[in-house]
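Below is one structure. I have some questions about it.
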Amino acid sequence: MPPPFNNRDHMTTPVEEITIVSMDEAKDVYRHKEMRQALYDAGEIVMADVLVNLHGDEHRSRRRLENRLFRRETLVHYERDLFPAVIEQTLIPHVVKGHAEIVELSHQLMMNLAALNAGVDRVTGTAEETARLYAQMMKFIEGATLAHTTRVVEEVEAEIAASMQAFDREFLVPSIERRQTLVAAVAAGEAEESDLPLDVLTVLLRNEDSLHLPHDVILREISFFLLAGAHTSATAFVRTLHNLFRWSAEHPEDVGLIRSDRSFVQKAVYETIRLNPSSPTGMRWALADVTLKSGRKIPKGARVTIDLNTINRDREVFGVDADAFNPRRQPLVEGAAPWGLSFGQGMHACIGQELAAGLLERSDDTAQYEYGLVSVAVQSMIDSGVAPDPNDPPVTDTATKRPYWGRYPVLFI
Ligand code: HEM
């Protein structure tokens, strides 16, 4: 008998479409064990069997292993020791030129950071090699957001399949081989644990015996970590800069704060993510009849859409100006996160939240404090004198129905 959670046969035509617009009902749906992921049904080419698409025990066991990469000390190590050099190397050529297009720059930057976390090595380190990885990753992003494409789906799918094959050959297979050699050396006592890279691929390979993942699933899982880590952070980075440009123009008294106070920039990132969640909706299939704590009944086979744009702009939670960007905002309701529900909740709550957005609570232990890679990267741009290019205004992306910037030219002055 097939495992009940993975039998998706009935999940093509919903018996009912239900939209949730309240924070409490949304949290209830996210946390309910009979609610299965539905958001990526159209993106199976990259998303089949990846963490965010698993359910029940299968999800739990893979998540437990991958969580190890997102422990506090590892994240602090990434933010303090690994990321500054990657940010500098990626930014410097643009700063030297005096201008940049930050949609591409942000994806390059976040890809370089996500590659470290996912476990994707670059053998030669040349610009051409990075450009190939970049082109492949951009195709994976198209795969994950296939439901929103304005292009012919079959054409996009063929391009994605070709990119995945090329990525496998050029990047994944050599990355696996290097790690397998290291893992064998540790097992033979010829290398130390500390010689192993801290990345998702190493965790998967070290736990092959319990996970039993075929190569094609490892290929999709690593592609997914690469795209999930890079795309969400890159879009948050561009949007935060855009919001800060406007805020500085309207609030010149805050310009000094933006330059000097990392926690102000971090709050700008939270506010940006609240107003523009990486996906405007969460989506779930009801695997059984479910009654929410509010009393709402959801029949088996219903598809539930969580409308994050409405929930994150609830005036009772975020104030009468909830539609506006305001980095000084304090939610009115105790326990409400400043980013709303943009990192999800429950079993699929974003594994990379702390990596991307840092810690909300300040502790006295500053050695353990994280601002998150989006804030750190935005701050590096501000430190480099970034400003919008007055002669080349930004334009939106027409290849998707999602509200992304297509080009965003800036100057360093
Ligand atoms: C601004 C940054 C980010 C935002 C807004 C964001 C948002 C989200 C959301 C909403 C979910 C839940 C999806 C659902 O329940 O249907 C999620 C899951 C996930 N995110 Fe993020 N994310 C961000 C950054 C990252 C980063 C940097 C990484 C990688 C290191 C990452 C990796 C993941 C993974 C692997 C999952 C699936 C978790 C699971 O299913 O257990 N995300 N993210």
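Out of 258, 273, 222, report the one residue that is within 12 Å of the ligand (Cβ to nearest atom), of a type in the set (A, V, I, L, M, F, W, C) and within 20 Å of residue 87 (Cβ to Cβ).
Within the list 258, 273, 222, the selection yields 273.
Taking only pairs six or more apart or across chains, which ones have beta-carbon atoms under 9 Å, a first residue in region 58-84 that is under 13 Å from residue 350 (Cα atoms), and a second residue that is within 10 Å of the ligand (Cβ to nearest atom) and of a type in the set (Phe, Trp, Tyr)?
Partner pairs satisfying both residue conditions: 66/225.
With the structure loaded, tell me whether residue 138 is in a helix (DSSP H, G or I) and either crowded, with 20+ Cβ neighbours inside 10 Å or not aliphatic (A, V, I, L, M) (or both) or whether it fails that test.
no
From the list 317, 290, which one is surrounded by fewer than 20 Cβ atoms within 10 Å (Cβ to Cβ), of a type in the set (Val, Ile, Thr) and more than 15 Å from the ligand (Cβ to nearest atom)?
317
For region 209-219, state whether one or more residues are touching an Asp or Glu at 6+ places or on another chain (Cβ under 6 Å) and either over 25 Å from residue 51 (Cβ atoms) or within 16 Å of the ligand (Cβ to nearest atom) (or both).
Checked region 209-219: at least one residue is touching an Asp or Glu at 6+ places or on another chain (Cβ under 6 Å) and either over 25 Å from residue 51 (Cβ atoms) or within 16 Å of the ligand (Cβ to nearest atom) (or both).
Does residue 316 count as more than 27 Å from the chain's Cα centre (by Cα) and in a helix (DSSP H, G or I)? Give the steps one after another, and end with the answer.
Details: more than 27 Å from the chain's Cα centre (by Cα): yes; in a helix (DSSP H, G or I): yes.
When the stated conditions are applied, residue 316 passes them.
Working carefully through the options 342, 384, find the one that is more than 16 Å from the ligand (Cβ to nearest atom) and surrounded by 13 or more Cβ atoms within 10 Å (Cβ to Cβ).
It is 384.
Within region 248-279, how many residues turn out to be out of contact with any helix residue (DSSP H, G or I) (no Cβ under 8 Å at 6 or more places or on another chain), surrounded by fewer than 18 Cβ atoms within 10 Å (Cβ to Cβ) and either in contact (Cβ under 8 Å) with a residue 40 or more places away in the chain or of a type in the set (Asp, Glu) (or both)?
The qualifying residues number 4.
Sticking with this structure for a sec: Run down 31, 72 and say which single residue is farther than 20 Å from residue 356 by Cβ and out of contact with any Pro (no Cβ under 9 Å at 6 or more places or on another chain).
31
Look through 306, 298 and report the one residue that is within 15 Å of the ligand (Cβ to nearest atom) and out of contact with any Lys or Arg (no Cβ under 7 Å at 6 or more places or on another chain).
On inspection, the qualifying residue turns out to be 306.
Among the residues of region 22-31, which ones are surrounded by fewer than 19 Cβ atoms within 10 Å (Cβ to Cβ) and farther than 15 Å from residue 295 by Cα?
The one that is surrounded by fewer than 19 Cβ atoms within 10 Å (Cβ to Cβ) and farther than 15 Å from residue 295 by Cα: 31.
Looking at region 143-164, which of its residues are closer than 14 Å to residue 227 by Cβ and in contact (Cβ under 8 Å) with a residue 40 or more places away in the chain?
143, 144, 145, 146, 160, 164
With the condition being away from the ligand (no atom under 11 Å from the Cβ), I'd like the strands (runs of 3 or more DSSP E) fully within region 13-114 carrying at least 1 qualifying residues. Spell out the reasoning first.
Details: elements: 17-20, 35-37, 99-101.
Qualifying strands (runs of 3 or more DSSP E): 17-20, 99-101.
I've got another one for you. If residue 304 passes every condition in (1) among the β-branched types (Val, Ile, Thr); (2) within 16 Å of residue 39 (Cβ to Cβ); (3) at pLDDT 95 or above; (4) in a helix (DSSP H, G or I) but one, which one does it miss?
(4)
The values are calculated or read from the model by the stated rules, or taken from the named source; none is laboratory data. A quick note: this is a predicted structure, and the numbers were derived from the prediction, not measured. Ideal geometry is used to build each Cβ from the backbone, glycine not excepted, and the neighbour counts take in all protein chains shown.
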